[in-house]
Amino acid sequence: MKKKASKPNPGLEAFQAGYEIVRGNPVLKEILSHANLRFDDSYPMAKEDWARVYGDGRIEANSHRRALPEEWAYVIVHCLLHLGLGHLREDRKDDPLWNAACDCLVTRYLTDFHIGRPPKELDDPLPAHAREEEKLYRWLQEHRDPDCFHFSTMTAARPDMIWVPEPAQWYRKPPDWRALFADSLREALRDAVDYAGGVRPEPGEKKRGTTPIQRARDWFLASYPLLGGIAAGFALVEDAQVVQRMDIPVAAISVHLREIYCNPNARLTEREWRFVLAHEYLHAALCHEQRLGKRDPELWNIACDFVINGWLREMHIGDVPDGLLFDAALSNCSAEEVYDSLASTRRQYRRMAAHDILYGPPGWAETRDYVDVDAWCRGAIQRGLEYHEGHGRGTLPAGLVEEIRALSQPPIPWDVKLARWFDERFEPLEKHRTYARLSRRQSATPDIPRPSWRYEEAALAGRTFGVLLDTSGSMDRSLLAAALGSIASYSEARDVRQVRVVFCDAAPYDQGYMNAADIAESVRVRGRGGTILQPAIDLLESVEDFPKEVPLLVITDGEIDRLQLYGRDHAFLIPKGASLPFRPKGPVFYLE
């Protein structure tokens with residue numbers, strides 16, 4: 001039996017033709033692509049209604065209405081302008097006066113756009129007060145002019161705007177409609193100017209070789225000076241075969257090649273690509289590859305992703321793609337702090353995302369000839385920050401500003417930081433005069449005995465600290481010598497006479513109290529086996545002659561298990577580039 005052909009739906013065909021009219025407009029096509037237009041019988045509407053718009057981008061048209069394509073185009077644009085102009089607000093929801101004021105302003109915009117034509121019942125002359133939403137809204141509150149209630153796409157003054165609360169976490173968050181509309185206006189204006197100058201094709205025509213990724217990059221060059229300098233120095237690679245061979249799901253950056261690899265099959269919008277490119281630019285600007293050191297590359301990449309994504313969400317650059325790494329508990333933390341906090345659960349976080357930093361070959365930073373890429377990136381982001389702040393381009397996250405400024409300053413040497421740690425725990429002692437032991441007499445007055453200066457014995461008795469030294473085979477002897485020499489000099493300069501020293505590898509070796517001046521010369525390393533530091537800490541906690549309030553300095557290579565320090569004041573001294581497999585509560589000094 002021959003299948004019966006479906007009857008044509010003239011109403012749907014007219015609506016689709018109106019949709020195509022709107023899609024051909026360069027200002028509205030982007031916001032239209034994010035909206036969700038519906039033309040069916042699945043929702044109840046009165047027969048005299050035209051359409052209504054929701055804050056999440058839904059536009060429900062009345063499928064029982066019969067109209068020309070130009071009239072449907074007018075209705076669709078009316079709803080889109082409500083979104084693009086930010087009319088759907090929680091503080092004005094279900095307010096007919098606000099709805100009427102917005103409808104009047106949208107009608108005025110439509111007369112300038114010249115898209116479609118209004119239906120007969122909406123083709124009334126505009127009131128004289130239709131100039132700005134807020135002013136018209138306040139005027140309506142005083143006068144309630146009935147002429148202002150005839151411009152809604154709903155008749156009988158029913159509201160056509162329906163505010164929608166913030167969606168649940170599992171639901172895709174709608175885009176920033178106002179930013180989307182502003183970007184479309186800016187792009188359309190640029191196209192018109194370029195066309196007038198003979199640079200680009202006529203507005204509305206397809207641009208050759210222009211993709212959402214390239215337009216996102218151009219936006220940084222033209223509109224975001226903080227990262228514009230970095231964007232100018234990196235080439236975009238959009239070859240699908242290249243990124244497939246490199247197993248790049250979305251994007252990745254190679255600093256030493258100065259290339260950013262983008263997967264054109266990721267199906268992201270232009271605003272989402274802005275977020276992705278800003279993410280990659282910050283990897284380069286903040287020298288994350290250079291700061292890797294001896295850390296796990298994949299886990300370090302994840303830690304940097306957490307920090308960058310938190311900043312970009314706060315900066316509102318583009319739209320946040322699905323599946324990004326973000327944790328509010330890790331906000332206001334540096335990448336090093338986040339890495340230490342993730343190290344204890346590295347298996348869980350390794351499964352969360354593929355790393356997007358393509359590290360260069362070993363030693364590439366030392367073999368550079370005429371271009372220092374890291375120095376160039378630091379200079380570019382610093383100049384971008386100065387321009388951003390000097391031209392009032394808005395506020396930036398404090399953590400990002402602090403990190404950018406830190407990159408432009410020489411780092412404080414580890415021994416200076418260690419000296420400050422000693423200063424905070426060992427205040428200068430006050431000398432007292434005493435005749436118990438006379439000082440030398442002056443030759444001019446040999447008969448006059450003069451007192452000597454000395455410290456109180458009680459003050460000297462509690463002036464000590466503990467040194468827990470990791471003597472495993474992975475510890476470098478030169479670093480051990482530098483650390484012990486600095487400890488000896490700082491201790492003697494601050495009148496610390498005795499230091500409790502414990503060596504530890506497979507088992508603890510208690511050296512007891514030693515003179516601070518002898519710690520760098522007479523100490524012999526007893527171990528050089530594996531590393532288990534907790535027994536040494538337990539040993540110090542169990543002995544009676546080591547006070548609870550005395551600080552402890554742990555010197556290790558970082559390849560240790562989590563430590564239980566029983567609330568004791570402590571600090572870690574580890575080689576530069578190493579990291580601890582847990583988040584330390586005390587300060588960490590990096591040996592160079």
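For this structure, a couple of remarks:
- Of the numbered criteria (1) polar (S, T, N, Q); (2) at pLDDT below 70; (3) surrounded by 13 or more Cβ atoms within 10 Å (Cβ to Cβ), the one Gln442 fails is (3).
- When the test is whether a residue is assigned by TED's automatic domain parsing to the domain that holds Glu337, farther than 20 Å from Gly233 by Cα and crowded, with 20+ Cβ neighbours inside 10 Å, Leu282 does not pass it.
- Counted residues, segment 250-260 - those being over 20 Å from the mean Cα position of the chain (by Cα) and crowded, with 20+ Cβ neighbours inside 10 Å: 0
- Only one entry in Gly318, Gly293 is of a type outside the set (A, V, I, L, M, F, W, C), in a loop (DSSP other than H, G, I, E, B), within 30 Å of Arg190 (Cα to Cα) and in contact (Cβ under 8 Å) with a residue 40 or more places away in the chain, namely Gly318.
- As for segment 381-388, it holds no residue that is modelled with pLDDT under 80, on the phi < 0 side of the Ramachandran plot, exposed (fewer than 12 other Cβ atoms within 10 Å of the Cβ) and assigned to a helix (DSSP H, G or I).
- A Cβ distance below 8 Å, combined with a sequence gap of six or more or placement on separate chains, defines the contacts here; from segment 382-408, residues that are more than 15 Å from Tyr281 (Cβ to Cβ) reach residues that are among the basic types (Lys, Arg) and assigned to a helix (DSSP H, G or I) in the pairs Ser408/Arg378.
- Any chance Arg200 is at pLDDT 70 or above and assigned to a loop (DSSP other than H, G, I, E, B): no
- Residues of segment 208-249 that turn out to be buried (at least 18 other Cβ atoms within 10 Å of the Cβ), out of contact with any Gly (no Cβ under 9 Å at 6 or more places or on another chain) and closer than 19 Å to Gly379 by Cα, as a count: 2
- Every test in (1) at pLDDT 80 or above; (2) in a helix (DSSP H, G or I) is passed by Asp112 save one, and that test is (1).
- Residue in segment 290-300 that is within 23 Å of Thr395 (Cβ to Cβ) and in the same structural domain as Val401 (by TED's automatic domain parsing) present: no
- Checked against (1) of a type in the set (A, V, I, L, M); (2) surrounded by 13 or more Cβ atoms within 10 Å (Cβ to Cβ); (3) modelled with pLDDT under 75; (4) assigned to a helix (DSSP H, G or I), Val416 passes all but a single condition, namely (2).
- Evaluated against (1) under 11 Å from Leu469 (Cα atoms); (2) out of contact with any helix residue (DSSP H, G or I) (no Cβ under 9 Å at 6 or more places or on another chain); (3) at pLDDT 80 or above; (4) surrounded by fewer than 17 Cβ atoms within 10 Å (Cβ to Cβ), Asp510 falls short on exactly one condition, (2).
Results for (1) surrounded by fewer than 20 Cβ atoms within 10 Å (Cβ to Cβ); (2) outside any loop (DSSP other than H, G, I, E, B); (3) of a type outside the set (A, V, I, L, M); (4) at pLDDT 80 or above, shown as yes or no for each residue.
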site: Gly360; (1), (2), (3), (4): yes, no, yes, no
site: Ala365; (1), (2), (3), (4): yes, no, no, no
site: Val371; (1), (2), (3), (4): yes, no, no, no
site: Ala375; (1), (2), (3), (4): yes, yes, no, no
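- Cβ pairs under 7 Å, 6+ apart, first in segment 47-72 and within 14 Å of Leu122 (Cα to Cα), second part of a strand (DSSP E or B) and not acidic (Asp, Glu): Ala51/Ile59; Ala51/Ala61
The values are calculated or read from the model by the stated rules, or taken from the named source; none is laboratory data. Since this is a predicted model, take the numbers as computed values, not measurements. Here the Cβ is made from the backbone with ideal geometry for all residues, glycine too, and neighbour counts use every protein chain on show.
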